[in-house]
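Report on one structure; see the data block that follows.
The values are calculated or read from the model by the stated rules, or taken from the named source; none is laboratory data. Given the structure is predicted, the values throughout are model-derived calculations rather than measurements. No Cβ is skipped: glycine too gets one built from the backbone with ideal geometry, and neighbour counts run over all protein chains shown. Heads up: the accessible areas ignore ligands, DNA and RNA and are worked out on the full protein's heavy atoms, side chains in. Shrake-Rupley method; radii C 1.70, N 1.55, O 1.52, S 1.80 Å.
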Amino acid sequence: MQFFGGSDVSPSPPAPTAGGHNANVMYMFNRNGVCLFYREWNRPLRTLNPQQDHKLMFGLLFSLKSLTAKMDPTGADKRNLGVPQLPGQGCSFHSFRTNTYKLSFMESPSGIKIILVTHPRTGDLREALKYIYSLYVEYVAKNPLYDPGTPIRCDLFNTNLDLYVRSIS
Amino acid sequence: MDTNDSLRVASLWHSMHAISQQLSPTVGCSGIELLEADTFDLHCFQSLTGTKFFVVSEPGTQHMEALLKVIYELYTDYVLKNPFYEMEMPIRCELFDLNLSQAVQKDRVALLGR
């Protein structure tokens with residue numbers, strides 16, 4: 001039995017509610033590791049400060065991609081472990097699950113990585129991530145005042161994202 | 001994949017497992033249990049002592065957790081109870097290999113009927 005110490009005590013991860021948000025946290029990185037966007041809707045536990053947290057997340061994804069490319073049983077061109085892969089090259093993972101959360105990952109051909117952390121019983125979120133990428137293209141990439149490679153500060157993107165995330169089951 | 005590569009992959013996996021616990025948004029995370037990639041799934045089981053067993057399977061294979069528990073039992077029987085086995089060394093126990101292939105075959109037959 002785990003005690004959270006907060007006002008809402010629950011022994012299992014929060015189940016999706018009709019009114020609340022279904023995702024816990026979202027990250028977006030560009031190909032250089034700059035964290036373009038970070039949004040949390042439900043995060044009771046923060047073990048590290050934000051910069052370390054972003055770096056750790058990026059590092060984890062980089063290493064996991066390297067691992068999946070190496071472990072790929074289809075035997076296509078295999079690089080050595082740790083060699084940086086181009087986006088889309090080699091087998092890449094799309095999600096992993098632990099007992100407390102599920103992390104879904106998508107990388108665009110331009111190297112934009114979208115990560116969504118949700119409760120562990122979530123289904124396949126690949127289509128959802130593709131939709132979020134299209135929101136990014138619409139409200140951020142097409143924004144003439146947005147400077148690529150810098151953190152995203154677009155209200156329209158935030159509101160549309162919140163609306164969409166609410167509807168993910 | 002030769003032994004050196006296996007060792008590298010295993011140690012990489014160990015670190016990733018630990019980092020994933022750090023990044024959990026809620027308390028009580030015990031590490032990655034399932035990793036889904038394009039061409040394979042990786043199922044991981046962690047024992048109470050921290051020893052991790054992982055299995056690479058086709059995407060969408062069910063009941064790998066049961067197989068992993070069986071493998072854990074085989075490990076305790078044929079490896080840990082072997083008086084000549086040194087802890088933390090690579091496992092070279094014939095009986096373990098034999099029973100492992102039998103368990104995987106049985107599992108395959110049960111699942112696919114071939």
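Quick notes
- Beyond 17 Å, the tail of the calculated P(r) for chain B holds 63 percent of the Cα pairs.
- Computed from protein heavy atoms with a 1.4 Å probe, the total accessible area buried between A and B is close to 3300 Å².
- Student exercise, chain B dipole from Lys, Arg, Asp, Glu Cβ charges, in Debye to nearest 20: 180
- Cα extents for region A:60-169 along the principal axes, largest to smallest and rounded to whole angstrom: 44, 34, 19.
- For region B:15-65, the Rg and Dmax computed from alpha carbons only, in angstrom: 11.7, 31
- Neighbourhood charge, 13 Å Cβ-Cβ cut-off, centred on residue A:96 and excluding it, Lys, Arg +1 and Asp, Glu -1: -1
- For A:54-65, mean number of other protein chain Cβ atoms within 10 Å: 3
- Rg [Å, one decimal], Dmax [Å, integer] - region A:86-139, C-alpha atoms: 11.7, 35
- A crude spin-label estimate for the pair residue B:4 and residue A:89, with each label 7 Å from Cα along the Cβ direction, gives 2.2 nm.
- The residues of the protein assembly as shown present an accessible area of 55 Å² per residue when probed at 1.4 Å with all protein chains retained.
- Efficiency of FRET between residue B:105 and residue B:84 - r from beta-carbon atoms, R0 22 angstrom, step 0.05: 0.25
- Quarter of the Cα convex hull surface for the protein assembly as shown, i.e. its orientation-mean projected area (nm²): 17.4
- Residue-averaged beta-carbon neighbours from other chains (10 angstrom radius) around B:29-35: 6
- Taking Cα centre as origin and charging only the Cβ of basic (Lys, Arg, +1) and acidic (Asp, Glu, -1) residues, the dipole magnitude of the protein assembly as shown rounds to 420 debye.
- Listed cross-link partners A:113/B:69; A:130/B:106; A:55/B:69; A:70/A:142; A:55/B:52; A:70/A:130 are compared with a 31 Å cut-off, the Cα-Cα value being larger for A:113/B:69; A:130/B:106; A:55/B:69; A:70/A:142.
- 19 Å reach of a label modelled at residue A:141, 7 Å along Cα-to-Cβ, counting backbone N of region A:26-44: A:27-38
- If the segment from residue A:32 to residue A:159 were pulled out straight at 0.36 nm per residue, it would be longer than the present Cα-Cα gap by 43.1 nm.
- Approximate spin-label separation residue B:18-residue B:77, in nm, with each point projected 7 Å along Cα-to-Cβ: 3.3
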